[in-house]
Amino acid sequence: MGGIPETGTHVLEIFRAAEGELTRRDADVLESWRRCVNQHKLDPTRHMGPRILTQQELRSHLQESEELLGMARHGMEDLYRRVNAMGYVLLLSNARGVTVDAIGDAELDRDLRHAGLIAGSEWGEQHVGTNGVGACLASGQAITVHRSDHFDVALTPLSCTAVPIHDTRGRLMGVLDLSHLQAPADKMSQALTLEVMKSCARRIEMANLVRNHREDWILRLNPSPEFLDVDPMAAVAVGGDGRITGVTHNAHDLLDQNLVGRRFDEIFAYNPEDLPVLSRALAPVEGVLEMQAGGMIFARAVPPAKAARMVAGVALPAPLQSIHGGDPAMARLAERAAKVVDRKISVILRGETGTGKEFIARAMHQSSRRRGPFVAINCAALPESLIESELFGYAPNAFTGAHARGKKGLIREAHGGTLFLDEIGDMPLGLQARLLRVLSEHEVLPVGAARAEPVDIRIISASHRDLPGLVAEGGFRQDLYYRLNGLVLDVPPVRARADLAWLIERIAGATEGKVAFTAKARQLLLAHDWPGNVREIINTCELCAALCDGVPAGPEDLPAQIAAGPVPGPAEADLQRLLDDCGGNVSEAARRAGIDRSTFYRRMQRAGRAGR
Ligand SMILES: Nc1ncnc2c1ncn2[C@@H]1O[C@H](COP(=O)(O)OP(=O)(O)OP(=O)(O)O)[C@@H](O)[C@H]1O
């Protein structure tokens, strides 16, 4: 079946099919024939051919189809490069069946024009009868209309394979069609073309979803683990509120028909806040998700490409966006920090050494409207004898050995900007009283000066010590503590961060000479507990860059404590039992194990890998 039919035979077959007679044609072609005769009242004895729009009409369609054109162009060019010189023409039609883009062999130009395979041709089934584009639009399904499958006998030299393209809300936007002017008679010759076209449409929709949902998590889905990372069957975008914000069309077949706007945990038996656990950062192997409707699916979560989460409807300032790569605790921290950058609220950053407290304070300063400098003081590193003059400055010749012109002092240096007081818990009590005065009166009295100087500073302090405890013990002034304690932000240790892989990549990329890691080394890096936090990652990357001369670093290049791998404590083997005891409640199990949720997940992953 599929050769050029004699007109009478072809017309007869169509009429018989329209009356319900079964033939050996594919069901989708028969349905289209029936629509043409019964619904559109088309006459198969009449040769219609596609209508060619005027330039003005085409211009208006092009304008309307701008989004579709932008979305498909790259995928079309890529596909055409692969089929070029095989006599194909690639058409993109909008949802009304008008060809808005065409790529074909210039040598075939005359034949393509003759067949109407050019921009501006209109292929709606109601005008032209059964054809690839028209039938695909009418049914919403991919189809091959091969030679005598066409309704109009004049079109029967053609073979057309058409696939639908949907926007991220699942609406049909247009059709991608690959047509051949002289395809072999056997329709099976186009079976592979159909698969190639489906995969092209899938990739176009995937790229569109990623482009339009840069601030959302993207969850890649596949019925099997193969190709999950490179060419998944479907994907959904999940917004910060845990709702599905966009989909690729196949997600409807894999999951459910109406997805956009629904809560993620209505579709999957999974909490959207736990998406980081399905990312590469925590799971080098793919995850499996249970669906609420029953069944399982392989999944991989990709963190938001752009951390532009919104704060009260306003995008986060870029410096604060860059402090994390999707870790939920850090994301919350960035959002809260953004809300106070231009307010007179003092901030305390709490966290282990090297977690990035100064880095975050600097990002807050850069995100604010303050134009003065960012001045950092490490209260623990300054000798007590110097700290007073360093901080408050001194008048000319204030004391023996003092500079004749005096010293401005770091507090006045920070005028109009931000003063970052690191290790504030180590500030001597006497100086605390003077600092309190600066904060209350907005002025500094340099050592030996008769007159106080006005200052406008914003204070951000940091401590890894328990300040309320210090206050209780009398080691820290309560009144100063309340002045500093406007907003407390807890910076998580690196081992608890879900974006650890992102952090390592980022620092590796910024290291002089750049550094890459082998898969085994990366596994060890992800399994390490990083007691030195970000600072330890920086040191490790610098060491590897120095040792490896541009070659990816392997386990042997890593510092010994990382290369040795984690010590598999007995607790790891007990995690599953603990989880079972808690009825699968990870938060509760983590609490009982005395570790945070991310660490719990990571250890589970590790234990799972060890058991493979
Ligand atoms: N998100 C990040 N991206 C890149 N580098 C970072 C990031 N966070 C921190 N760093 C780097 O890590 C190092 C340690 O950070 P930082 O000095 O801010 O930590 P800290 O918590 O203030 O440490 P400490 O308590 O010891 O003073 C710095 O070199 C900083 O530039």
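Would you work out the charge dipole size for the chain about its Cα centre, treating the Cβ of every Lys and Arg as +1 and the Cβ of every Asp and Glu as -1, and quote it to the nearest 20 debye?
On the way: 70 positive and 77 negative charges, 322 e Å.
Magnitude of the dipole: close to 1540 debye.
The trypsin sites (Lys or Arg not before Pro) of the stretch 32-81 that meet both conditions, a loop assignment by DSSP and at most 15 other Cβ atoms within 10 Å of the site Cβ, are Lys41, Arg46.
Provide the gained length on full extension for the span Thr7 to Arg110, in nm with one decimal, where the gain is 0.36 nm per separating residue minus the Cα-Cα distance. Write out the running numbers ahead of the final one.
Details: separation 103, 0.36 × 103 = 37.08 nm, distance 2.47 nm.
Extra length available between Thr7 and Arg110 comes to 34.6 nm.
Would you please state the base-10 log of I(q)/I(0) at q = 0.12 1/Å for the stretch 51-163, with intensities from the Debye formula using one equal scatterer on every alpha carbon? Evaluating at q = 0.12 Å⁻¹ gives log10 I(q)/I(0) of -0.39. For the stretch 428-519, trypsin sites (Lys or Arg not before Pro) meeting the loop criterion (DSSP other than H, G, I, E, B) and having at most 10 other Cβ atoms within 10 Å: Arg451. Name the residue from Gly140, Ser322, Leu382 whose Cα lies farthest towards the positive end of the charge dipole of the chain, charges +1 on Cβ of Lys and Arg and -1 on Cβ of Asp and Glu. So the residue we want is Leu382. Simple point charges give the picture: +1 on the Cβ of Lys and Arg, -1 on the Cβ of Asp and Glu, and for the stretch 213-302 a dipole about the Cα centre of about 120 debye. Between Ala191 and Gln39, the simple spin-label model (points 7 angstrom out along Cα→Cβ) gives 2.9 nm. Quick one: plug the Kirkwood hydrodynamic radius of the stretch 453-592 (C-alpha pairs) into Stokes-Einstein at 25 °C, 0.890 mPa s, and report D in µm²/s. In µm²/s, the coefficient is 131. Which whole-number percent of Cα pairs in the stretch 7-195 have a distance greater than 29 Å? Everything past 29 Å amounts to 17 percent. The residues of the chain expose, per residue, 47 Å² of accessible area to a 1.4 Å probe. Listed peptides 582-591, 332-341, 129-138 appear in the order 129-138, 332-341, 582-591 once ranked by packing, highest mean of other Cβ atoms within 10 Å at the front.
Within a Cβ distance under 15 Å of Glu384, other residues only, what is the Lys/Arg minus Asp/Glu net charge?
Every neighbour counted, the sum reads -3.
If you average 1/r over all unlike Cα pairs in the stretch 160-226 and invert the result, what Kirkwood radius do you get in angstrom? Kindly include the intermediate steps, with their values, before the conclusion.
Working: mean 1/r = 0.0720 Å⁻¹.
Evaluated over the stretch 160-226, this radius sits at 13.9 Å.
Pair-distance distribution P(r) for the stretch 10-68, from all Cα-Cα distances in 5 Å bins starting at 0: 4, 16, 20, 14, 9, 12, 12, 10, 4 percent. Using C-alpha pairs below 8 Å separated by at least 6 residues, the relative contact order for the chain is 9 percent. Label-to-label distance, Leu547 versus Thr54, with points set 7 angstrom from Cα along the beta-carbon direction: 7.4 nm. To put it simply, the accessible area of the stretch 356-477 at a 1.4 Å probe is 48 percent carbon and sulfur. Globularity index of the chain is 1.32 (Cα radius of gyration / 2.2 N^0.38 Å, N = number of residues). Coupling constants for the stretch 555-560 follow from the phi torsions by the Karplus curve (6.51 cos²θ - 1.76 cosθ + 1.60, θ = phi - 60°), and in residue order they are x, 5, 8, 7, x, 3 Hz; glycine and proline get x. The phi torsions of the stretch 13-24, fed into the Karplus equation with coefficients 6.51, -1.76 and 1.60 and a -60° offset, translate into couplings of 4, 5, 4, 5, 4, 5, 7, x, 5, 7, 10, 8 Hz, rounded to whole numbers, with Gly and Pro shown as x. Gap in Å between the Cα centre of the stretch 147-168 and the Cα centre of the stretch 57-98? Result: 15 Å between the Cα centres.
Each label was represented as a point 7 Å from its Cα along the Cα-to-Cβ direction; for Thr353 and Ala18 these points are 8.6 nm apart. When the alpha-carbon atoms of the stretch 213-302 are used, the pair Rg, Dmax equals 11.5, 31 angstrom. With a/c under 1.5 counting as rounded, go ahead and sort the stretch 494-563 into rounded, prolate or oblate using the C-alpha gyration tensor (a ≥ b ≥ c being the square roots of the eigenvalues; past the cut-off, prolate if a/b is larger than b/c, else oblate). The shape class here is prolate.
The values are calculated or read from the model by the stated rules, or taken from the named source; none is laboratory data. These numbers come from a predicted model, not from an experiment. For neighbour counting, all protein chains shown are included, and Cβ atoms are generated from backbone atoms with ideal geometry for every residue, glycine included. Each accessible area value is taken on the protein alone, full model and side chains, heavy atoms only, with ligands, DNA and RNA left out. Shrake-Rupley method; radii C 1.70, N 1.55, O 1.52, S 1.80 Å.
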